[in-house]
1. Assign one of three labels to the range 90-177, namely rounded, prolate or oblate, based on the Cα gyration tensor with a ≥ b ≥ c the square roots of its eigenvalues; rounded applies when a/c is under 1.5, prolate when it is not and a/b is larger than b/c, and oblate otherwise.
2. Per the helix-only calculation at 222 nm, which mean residue ellipticity applies to the chain, given -39500 (n - 2.57) for every DSSP H run of n ≥ 4 and division by its residues, nearest 500 deg cm²/dmol?
3. Where the centre of each part is set by its Cα atoms, how far does the range 29-104 sit from the range 127-148, in angstrom?
4. Just the number please: accessible area per residue for the range 184-283, 1.4 Å probe, all protein chains included, in Å².
5. In percent, how large is the relative contact order of the chain, given Cα pairs closer than 8 Å and 6 or more residues apart?
6. What is the dipole size for the chain, taken about its Cα centre, with +1 at each Lys and Arg Cβ and -1 at each Asp and Glu Cβ, in debye to the nearest 20?
7. If you take all C-alpha pairs in the range 211-277, what percent of them are over 13 Å apart?
8. Run the accessible area of the range 48-163 with a 1.4 Å probe and give the carbon-and-sulfur part as a rounded percent.
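The values are calculated or read from the model by the stated rules, or taken from the named source; none is laboratory data. Since we're looking at a predicted model, the values are computed, not measured. Please note: Cβ atoms are built from the backbone with ideal geometry, for glycine as well, and neighbour counts cover all protein chains shown. Side chains are part of the model used for accessible areas, which takes the heavy atoms of the whole protein and leaves out ligands, DNA and RNA. Shrake-Rupley method; radii C 1.70, N 1.55, O 1.52, S 1.80 Å.
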Amino acid sequence: MLKIAVQKSGRLSEGSIDLLKKCGLKFTNGHNQLMTPVQNYDAQILFLRDDDIPHYVQDGVADVGIIGENVFLEHQANVDVVKKLGFSKCRVSLAIPKNEKYTGIDFFDGKKIATSYPHILKSFLENHGLKAGIHSISGSVEIAPGIGLADAIMDIVSTGSTLLSNGLKEVETVLVSEAILISSLSLDDQQKQQLEQLLFRIEAVLRARDFKYILLNAPNDRIEDIVSILPGMKSPTVLPLAESGWSSIHSVMSESKFWENIDQLKNLGAQGILIVPIEKMVL
Ligand code: ATP
Ligand code: ZN
């Protein structure tokens with residue numbers, strides 16, 4: 001039995017639940033539920049506050065968990081980081097009142113900085129040989145300079161609009177974060193095997209996210225040129241169309257690579273291009 005901890009509600013919940021469901025785990029995630037069995041796999045899902053997950057995994061209350069790297073680094077729990085998961089991407093940055101002149105990182109020497117990430121801030125300051133006061137608060141960090149509680153803040157930034165509306169500007173990125181899968185150091189053999197299985201499925205889902213199935217029609221005399229810019233998992237599939245002189249070419253490639261090559265494909269005579277999502281991809 002594998003107990004999997006995910007955030008109950010917040011910016012990690014949807015991505016975490018979506019990933020587990022795409023891995024084929026069937027469970028209900030109704031409101032006010034603390035725990036739910038997985039119907040088709042020997043596992044349970046625990047819905048918790050994200051800040052509690054690192055220590056619950058360390059203590060064996062949960063066996064694996066999905067959290068933000070920022071929370072992992074702040075809580076310093078003794079757990080394994082198994083995999084970066086590619087969602088809930090954000091950064092933790094230092095920000096100062098927007099009218100202050102920013103001259104570089106020495107700005108922070110001797111200043112007072114408000115944050116809900118005191119450990120991350122402490123090690124950042126130490127790494128840069130800076131001495132600054134750390135004012136640890138749990139929420140609404142961005143109002144601290146305005147009410148005279150601090151000279152600067154360190155907090156999660158995504159678009160920067162919250163900073164702006166509080167008269168602040170972002171000046172240093174301290175870390176970039178995304179969701180990660182962590183696991184307990186004391187899994188038994190069966191749980192280790194289950195984690196391997198889960199990881200195999202997660203990798204298939206993550207891989208598929210970056211790739212698309214591409215179908216296009218091309219004149220036969222251009223097949224060779226087109227195939228040379230379409231990589232495919234092994235090599236592209238070429239099938240004859242009912243109309244003579246034309247073929248359908250199928251390939252798998254990363255979406256960004258596809259967009260890089262779209263003009264070239266069209267110039268080579270490709271038509272009727274379809275870009276289809278892939279649900280899972282096992283190599
Ligand atoms: P909880 O009540 O569970 O403690 P919380 O208020 O601490 O929730 P959220 O705001 O839901 O946390 O954020 C959870 C995690 O999602 C953060 O620790 C961070 O890793 C990530 N995150 C935060 N803000 C964003 C954002 N704007 N975009 C993407 N990811 C984010
Ligand atoms: Zn939290």
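1. On the way: a/c = 1.29, a/b = 1.19, b/c = 1.09.
Here the range 90-177 falls in the rounded category.
2. Numbers: 8 runs with 81 residues, N = 283.
Dividing the helical sum by the residues of the chain leaves -8500 deg cm²/dmol.
3. If you average the Cα positions of each part, the centres end up 22 Å apart.
4. Details: 6060 Å² over 100 residues.
Ligands and nucleic acids excluded, the result is 61 Å² per residue.
5. Details: 542 pairs, mean separation 53.5, N = 283.
That works out to 19 percent.
6. On the way: 28 positive and 34 negative charges, 71 e Å.
Magnitude of the dipole: close to 340 debye.
7. Numbers: 1287 of 2211 pairs.
For the range 211-277, the share of Cα pairs beyond 13 Å comes to 58 percent.
8. Values: 2630 of 5650 Å².
It is 46 percent, rounded to a whole number.
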